[in-house]
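To start, the structure under review is shown below, and the notes come after it.
The values are calculated or read from the model by the stated rules, or taken from the named source; none is laboratory data. Remember, predicted model here, so these are calculated numbers, not experimental data. Virtual Cβ from ideal backbone geometry, glycine too; neighbours counted across all protein chains shown. Protein only, heavy atoms only, side chains kept; ligands, DNA and RNA dropped before computing areas. Shrake-Rupley method; radii C 1.70, N 1.55, O 1.52, S 1.80 Å.
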Amino acid sequence: MHTILVMISSVGLVIGGLAAAAALCWLLWQLFAQIRHPDWAPSIILVLAGFGMTGNLPDSQFLHVALAYALAAAIPLWMEGRAWRRHRAIEVAADPGVTGL
């Protein structure tokens, strides 16, 4: 019975960490898209991971798993932010009515 509980808690930790990382990445993207800098979202993830590695965040296994997944997601998030920036620059150049990058 104990083994089954450990397995269930491990699966919950993995799925919950993945969901938390996805929510964090989405939230950061949306927040920084409001100020037209979604490419900054991975930087915040790196800062949070740095705080986690130096012990400045609570010592939680769930938090460590969520940050590990968020770090893995930061790479495609960074690439998408760069693509968004290029697309936005083309959009601004094509339509003088669009303001700012």
Let me confirm something: among 49, 73, 33, 66, which residue is within 9 Å of the chain's Cα centre (by Cα) and either not in a helix (DSSP H, G or I) or not polar (S, T, N, Q) (or both)? 73
Examine segment 73-84 for a residue that is closer than 30 Å to residue 11 by Cβ, open to solvent by 50 Å² or more (accessible area, probe 1.4 Å) and at pLDDT below 90, and state whether such a residue exists. no
Within segment 2-30, residues under 19 Å from residue 66 (Cα atoms) and open to solvent by 90 Å² or more (accessible area, probe 1.4 Å) come out as 7, 8, 15, 18, 26
Could you grab me the full set of residues in segment 31-49 that are farther than 17 Å from residue 85 by Cβ and open to solvent by less than 30 Å² (accessible area, probe 1.4 Å)? 45, 49
In segment 56-70, how many are aliphatic (A, V, I, L, M) and open to solvent by 40 Å² or more (accessible area, probe 1.4 Å)? 3
